[in-house]
Every structure is written in C-alpha cells, then in structure tokens.
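One structure is given here, and the rest of the page talks about it.
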Amino acid sequence: MNVPIDQYIYLSSLLFCIGVFGVLLRRNAIVVLMCIELMLNAVNLLFVSLSSYMGDASGQIFVFFIMVVAAAEASVGLAILVMVYRNTRSVDIGFLDKLRK
Amino acid sequence: MMDNIPFLIFSFITILTALGTVTARNPVYSVLFLVLTFFALSGHYILLNAQFIAVVNLIVYAGAIMVLFLFVLMLLNLNKDSEAPRPWLWQISAALSAGMLLVVLAGSMREASLYLVKGGPEAGEIGLVKNLGKALFTEFVVPFEISSILFLAAMVGAVMIGKKEKQQA
C-alpha cells in the first residue's frame, strides 16, 4: 500500500462535496439527512487516513465519537421527521417555512 | 502503481454509490446506495489498518443507522417516487456551488498537507481494539462517559418527540 495522502484528501473532499450537492438538490428531508451522513463519513475518512499516516490513535478515537454523535443525531432527526409527517402529511423541506412567516 | 489498485477500486465504488445516493429518485434506493457507500468506506478503513473503525462503521452505520432510515421510510410509506424535482436553474447552481467548494477544499488541504505527512500508512497496530481501547479509557475517558449522557438525552428526546399526542387540534 503506497497511496499518497493527497489521494485520500481528494477522495474525502469529493465525498463531502457530493453530500453538499445532495443537501442543496433534494427536497425529501430524509434524503437530506442521509446526505448529511455522507458528509460526516467524508470527514471520518479524512480523520482515519491522517491518523493512520501519522501513527496517532487520537484521530480514530475522534471518528468513534463522530459515530456516536451521528447515531444520536439520526435518531432525534428521524423522530422529528416522523412528527412533521404526522402533522403535514409530507416530508418536503419546502413546507417547513412556518418560521419565515 | 500496482499496489494502489484496491484503493482505486474502493474509491470508484465509494464515489459512484455516493452519487447514486444523491441522484436516485426513490428514497429506498438512496438508502441502499448509502449502505454500499459505507461498505466501500469500511474497505478503505481496512486498507488503512484501522480494523476497529472498519467493523464499528459496518455495525453502527450500515447496520443500525441505515436500518433506522429504512424503517422510517417504510413507516411513512415514502418508498415511491413522490418528490417533485427542483428547477433546472436550481440544479445547475447546486452543482456549481458544490464544485466550487470542492476546488476550495481540495486546493487548501493539498497545500496544508504537503509538509505534514510523508510515506504510507503505519503498519503498526494502532487501529486494533487493544490500542484504541487503551486510549479510549485513559486519555479520552471523560468524553466517553459524557457520550453516554448524550445517548440518554437523545433516547429520551426521540421518545418524547415521537410520542403520539392525545388531544390535538
């Protein structure tokens, strides 16, 4: 294995930007949450690759904590979405503009 | 050149399935593409000698979080194409914004990393459960305990939010 660190940096940047693209593009709030998971995983990949290349375990511990926070975020976010669906019969993010009015 | 072929294969799968997640019209296909993305990322972690993170990624992300997403999609009966597409101008500007962010991110991080990291991934045993557990329970024991409180709060919050209200106007 002799991959330069640059390639991991490009890969995780690309993955993060695909996530950003999805957040901007999609209307379905559940898919938007999934794109946020994609962005979190791009950061995880960068953390693990730098941790492995520099021989430091802290990066992988950080990834562990990111996973913990992502699990909590997904559970609360999905509960909120279920509640939104119950009240509006839709998960389209375009409907969630009550605070603007 | 020959020994980075696994990296290239996993990168190809990762990017392709990530694009599939974003562009699939049916949300269930998005979830399945995202599961494939997580499998490919676990392959990357194994290539990087981070075995513990690879297994935890599979169990927590592909196993738990994605099943949760799938259950919610099925529960809300959204497993069909019901999403009106954005207008063309919106799609093009979203792609342009993401592409410009990519240029900025890749450019800045490439300049920052050049003097930081040389050589390849460590062949040592950093990524094994033994070493990570030792670090987790000595140096990082306070955040580890706090994360249990975070989980408790998230669980209580999810139950409270998801509870059906009896008297609703």
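A short reminder: the numbers here are calculations on the coordinates, not readings from a lab. Remember, it's a predicted structure, so these values are computed and weren't measured experimentally. Cβ atoms come from the backbone with ideal geometry, glycine included; neighbour counts cover every protein chain shown.
One table, with the values for the structure above:
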{"read-out": "Counted charge near A:PHE65, where neighbours are those whose Cβ lies closer than 13 Å (Asp, Glu -1; Lys, Arg +1)", "value": "-3"}
{"read-out": "Relative contact order (percent, whole number), chain B, Cα cutoff 8 Å, 6+ residue spacing", "value": "21"}
{"read-out": "Degrees between helix A:29-54 axis and first principal axis of chain A (Cα, 0 to 90, nearest 10)", "value": "10"}
{"read-out": "Residue-averaged [θ]222 nm for chain A, counting only DSSP H segments that reach four residues, each worth -39500 (n - 2.57)", "value": "-27500 deg cm²/dmol"}
{"read-out": "Cα-based reach from B:LYS163 at 18 Å (exclusive), listing aspartates and glutamates while leaving out same-chain residues under 8 positions away", "value": "A:GLU73"}
{"read-out": "Selection from B:LEU128, A:LEU15, A:SER51 lying farthest towards where the dipole of the protein assembly as shown points positive, charges on Cβ", "value": "A:LEU15"}
{"read-out": "Two-decimal log10 I(q)/I(0) for the protein assembly as shown, as the Debye equation yields it once each C-alpha is a single scatterer, q = 0.12, 0.14 Å⁻¹", "value": "-0.78, -1.03"}
{"read-out": "Derived scalar couplings ³J(HN,Hα) [the range B:106-111; Karplus, 6.51 cos²θ - 1.76 cosθ + 1.60; whole Hz; x for Gly, Pro]", "value": "5, x, 5, 6, 5, 5"}
{"read-out": "For chain B: rounded, prolate or oblate by the Cα gyration tensor [a/c cutoff 1.5]", "value": "oblate"}
{"read-out": "Cα→Cβ-extended label distance, 7 Å offset, between A:ARG89 and B:GLU145, nm", "value": "5.1"}
{"read-out": "Relative frequency of Cα-Cα separations exceeding 19 Å in the range A:28-90, percent", "value": "43"}
